[in-house]
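S.K.: Pasting a structure here, questions to come.
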Amino acid sequence: MAEQEYPQTSKFFENRQSPDRVPASELSIPPEFLPLAERLEGLTQTWNPVEFVTASSTSIKKEQATLFENFKAGTEYNPTFEYPRLDTLNLDVEAVHAELRAMLNEVRKFKPSNEQERIAKVTFYYKIRDDLATVMLIRGMQNKDEDLIRRAMNVKYASLDDSLLATAHQFYSELTSTQKTETQPEPTLLTTEQQSTLKTHELDAQGIKEAFEWVLNKYGILRTENDDPSKGFTVVITDEVTGIDVRDKSEQPMTIFIPTSRRVTADKLLELMYHEIEGHARQSMNGLKYKIGGGTLRIDEETLYEGLAKRLDERFQKEFMGVETGKPGPFYTLAIDSAEKGNSFYQIFSEQVSYQLHVLLKIFPDVELDFSSPEVQAKLDEAMKRAWTTTYRVMRGHTDTTNAAGYAFSKDLAYLRGWLLDRELKAKGVEHYNEAAVLQTNALPLLGRVALQNSDLDHPFQDATKEYCFEVLLPKLESTLDVSE
C-alpha cells in the first residue's frame, strides 16, 4: 500500500508541521466543556454497541448447529438470534435522543478562542454524533427496523473502500499459495526447543486470566474488587462471550472477558497478551489522560485501536517465532463486502467456507472445489467453524439475517485498515501517537495538532509479555517437562 493513501494520515502529518500545536501537557477538557462532559458521562459511558449486538450464547449454539446441519444437507438456512441486552436495557430512548441533540446544539454554538478549545469542540461533536448513532442502533434493533440499523452502522463505522477490498483479495491469494519466499531466517528470542514447548502446551481460561493479570499488574492497571473503577481492568471468566474481549465501556467498570471454554497454546497466549493487554488495555488507560479518544470521549470505531494490536501481533511473530505472519487476515473484509452487496447469512457463510477450504488445502482462488473429495471432507468441519466465526461477527445486530437491507456490522474492518494506517505512522517514527488514546480514524488529523512525545504517555510500552515469557511461563512449562520425564 502506498504511503498516506488514506487522507486522514496525510492531514495528520500536515498538522504536525503547524507551529501552533498544543503541548500534550495542556491537552484536557476546557472549563466550558466540563459540565457537558459530566452530563455525557452519566448518560452514555456504560454503552457498548458490542454488548447490544451480541446474541445470547444459547441462541448462538443452537443456530450454529442448525446451520451446520443444513449446510451439509445442501439446504439454505438463515439463523435467528436473540439479543438479551436489549431486554435489560433501562433506557428511555426518545428522552436520551432529545438530550443528546440538545448537547450537540450546544457544541455547535460554541465559539473556540484557541487551538485547545477547537480540539475540544471537534472531539465532543464526533463523540455525541457517535452516541446518537448508538441510539439509532438500539431503536432499530428494538423495532426490528433493518434500514434504521443499517443507517446507524454506517455512521458509527468507516465503510469499506476499493483499496481495502483489493488488499484483502491480495492477502487471500497469498494464503492459498504454496510458494514460499526464500528469505534469511530471522534471529529469534526463543530456541527451537522453547518454540516447541510453547506450541505444544495448552492453557485453559484460568491460565489465560492469570497471565493477563500478571501483565496488567506490571503496568499498574490491574483493578481489584475494592479499587476505584478508574484504576484499571479486572479479568472475568464467563459463558456470556464468544471471544476474548477488552471492554473499557460496559455496564461493568473496565473489564476483560474470557470465554469459560477458551483454551490456547502457550505461544498463542503470549500473542494475546501483547494484543489484548499491551495493546488494547494499555491504550485505553492512556486515553483516560488524553481526552481525545479516551474516557468520556471514547468513540466506538476502533480502526487505530486494532492497528496497534496488530502491530504487536507482528512483533510477537517476528521476534519470538522468526516469521512474518502477523498481518491481519482478509476474511472479515471479504465477508463485509458480501454483506454490503445484500447477501444473506447463509450465502456469506457458504462463501467463507469456500475461502477457508481454499486456504487450508492451498488451492488457488479460481479453482473450483470438489466437495465430495476426501481432501475437502477432511477439512470441512474446520472450515465451517472458521466460517461461522467470521460470518456471525459481521452479521451481528441483524434482526433479519436474510439481509434485505444489505449491510454489515463493519467494525471488524478495523483489523486490516488499522494495520495499514498504523504502518504509515510507524514508517514516520510517530507510532506512539497511536498509543495515546483510542482514536476514531477521523480523529487522527486532530491528534496531529498535539505535540506528543512517547515520554508523555502514562503507560509507555514495557514489553512485559517478553518478561512474563522468560520469568514465568517458560520456567513453569519446562519444570512440568522435567517432572514428566
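S.K.: Please find the FRET efficiency linking Ser230 to Lys385, where r is the Cβ-Cβ separation and R0 is fixed at 45 Å, and quote it to the nearest 0.05.
M.R.: Approximately 0.70, to the nearest 0.05.
S.K.: Separate question: Before anything else, pin down the relative contact order of segment 85-208: Cα pairs under 8 Å, at least 6 apart, normalised by residue count, whole percent.
M.R.: After rounding, I find 17 percent.
S.K.: Next question, about the same structure. Under a crude label model (7 Å from the Cα following the beta-carbon direction), how far is Lys362 from Asp400 in nanometres?
M.R.: 4.6 nm
S.K.: Based on the alpha-carbon gyration tensor of segment 144-183 and its eigenvalue square roots a ≥ b ≥ c, which shape applies: rounded if a/c is under 1.5, prolate if not and a/b is larger than b/c, or oblate?
M.R.: Verdict is prolate for segment 144-183.
S.K.: A further question follows. If you build the convex hull over the alpha carbons only and average its shadow over all orientations, what do you get for segment 213-349? Give it in nm² to one decimal.
M.R.: 10.3 nm²
S.K.: How high is the relative contact order of the chain? Use alpha-carbon pairs under 8 Å, at least six apart in sequence, and give a whole percent.
M.R.: Once normalised by length, the contact order is 25 percent.
S.K.: For the chain, what is the Kirkwood estimate of the hydrodynamic radius, computed as the reciprocal of the mean inverse distance between distinct Cα atoms, to one decimal in Å?
M.R.: 23.8 Å
S.K.: Provide the gained length on full extension for the span Val155 to Gln453, in nm with one decimal, where the gain is 0.36 nm per separating residue minus the Cα-Cα distance.
M.R.: Taking Val155 through Gln453 to full extension adds about 104.1 nm, to one decimal.
S.K.: Let's test this: bin the Cα-Cα distances of segment 1-117 at 10 Å from zero up to the farthest pair and state each bin's percent.
M.R.: Percent of pairs per bin, in order: 10, 21, 21, 22, 17, 9, 1.
S.K.: Still on this structure, please answer the following. Need the full-extension length gain, Ala166 to Arg21, defined as separation in residues times 0.36 nm minus the C-alpha distance. One decimal, nm.
M.R.: 48.6 nm
S.K.: I've got another one for you. Multiply the residue separation of Glu82 and Asn442 by 0.36 nm, subtract the distance between their alpha-carbon atoms, and state the gained length in nm to one decimal.
M.R.: 126.3 nm
S.K.: Please list, ordered by chain and number, the residues whose modelled amide H lies under 5 Å from the amide H of Thr238; skip anything fewer than 5 residues away on the same chain.
M.R.: For Thr238, the qualifying residues are Ile258, Thr260.
S.K.: Right, something else. To the nearest 20 debye, what is the magnitude of the charge dipole of the chain about its Cα centre, counting +1 on the Cβ of each Lys and Arg and -1 on the Cβ of each Asp and Glu?
M.R.: 1080 debye
Laboratory data are not the source of any read-out in this text; all were calculated from the coordinates shown. A quick note: this is a predicted structure, and the numbers were derived from the prediction, not measured. Using ideal geometry, Cβ is built from the backbone for each residue, glycine included, and neighbour counts are taken over all protein chains shown.
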